[in-house]
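Encoded as structure tokens, the structure appears first; notes follow it.
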2 protein chains.
Amino acid sequence: MPEKSDSDTFPASDAFAADLLRGHTDTIVMAVLSQGESYGFEIFKTIRMATGGDHEIKEATLYAAYRRLERDGLVESYWGDETQGGRRKYYRITDAGRAVFRGNVAAWITTRRIIDALLDVKDTTP
Amino acid sequence: MPEKSDSDTFPASDAFAADLLRGHTDTIVMAVLSQGESYGFEIFKTIRMATGGDHEIKEATLYAAYRRLERDGLVESYWGDETQGGRRKYYRITDAGRAVFRGNVAAWITTRRIIDALLDVKDTTP
DNA sequence: CTCCAGTACTTTATCTGTTACAGTACTGAA
DNA sequence: TTCAGTACTGTAACAGATAAAGTACTGGAG
């Protein structure tokens, strides 16, 4: 008889992909921006490449994050002076942003440990 | 002049603790139940101990998770026959639950890798 | 020349998990 | 008797994620 994998019978990640990165979006955007200035769509492409298509963060989610981060003074923005093509809004991380980013990375490491312990996940580093 | 730490000036984890575990609650509950049957409040205490007070998952969050898991057939419940004290609702993970749990742990490992890469977090294992 | 895919940004409505808060009910210790 | 702890439930509200749709430009394929 035909084999059925667990994931066929019990899809786990359909609705999950969303919530697994939830709460990390702002931190991820700040991580990209600590490497240097960038504009909205480029940040989107950078993250899409890093997540490899799967688990991708949607455009609308990111643009919402940009607004949130700017509202909280963690990033600053300015319009580029593109003469042709779509106008681009560039983002730059602020000092406050850098500080919060450092805190969030620390929080991630803590959270990571807690979940690893709860799920009894062994170290996966080769 | 008095020192001010980053966390004083820019509180990072006030609203975050909530969202960092978000999406993992169901998986964490199933992790506890794969160790054996348990009842609602006990699962709460187990998780509270593991998270060490910080980052704790609130009672209401867990009871919501129990209902969700039971609705989806991932856990089963029955009332204990306590003769005194509060009545206890016991939970048991189902085969479907075990399968989804395995998938979620795999998803967690993937997500973990992605976030580590994006945040450029090095391996923290001693 | 037209159509389409890609770039680039925006807005609105909706969904879901989390939580504050409140309530019920029992027990044992101060 | 009061309070802390055990044990469960329900409701309202919030915030982040996203589907969906729209605007506007560019370059290539047919």
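Once the Cβ-Cβ distance of A:ARG98 and A:ARG48 is raised to the sixth power relative to R0 = 25 Å, the FRET efficiency obtained is 0.55. Shown is the FRET efficiency for A:TYR63 and A:ILE109, computed with R0 = 25 Å from the Cβ-Cβ distance and rounded to the nearest 0.05: 0.35. Within segment B:41-82, the GluC sites (Glu not before Pro) that combine a DSSP coil assignment with at most 13 other C-beta atoms in a 10 angstrom radius are B:GLU82. Only protein heavy atoms count here; on that basis, with a 1.4 Å probe, A:LYS89 has an accessible area of about 70 Å².
The values are calculated or read from the model by the stated rules, or taken from the named source; none is laboratory data. Small disclaimer: the values here were computed from a predicted structure and weren't measured. Using ideal geometry, Cβ is built from the backbone for each residue, glycine included, and neighbour counts are taken over all protein chains shown. SASA here: full protein model, heavy atoms, side chains in, ligands and nucleic acids out. Shrake-Rupley method; radii C 1.70, N 1.55, O 1.52, S 1.80 Å.
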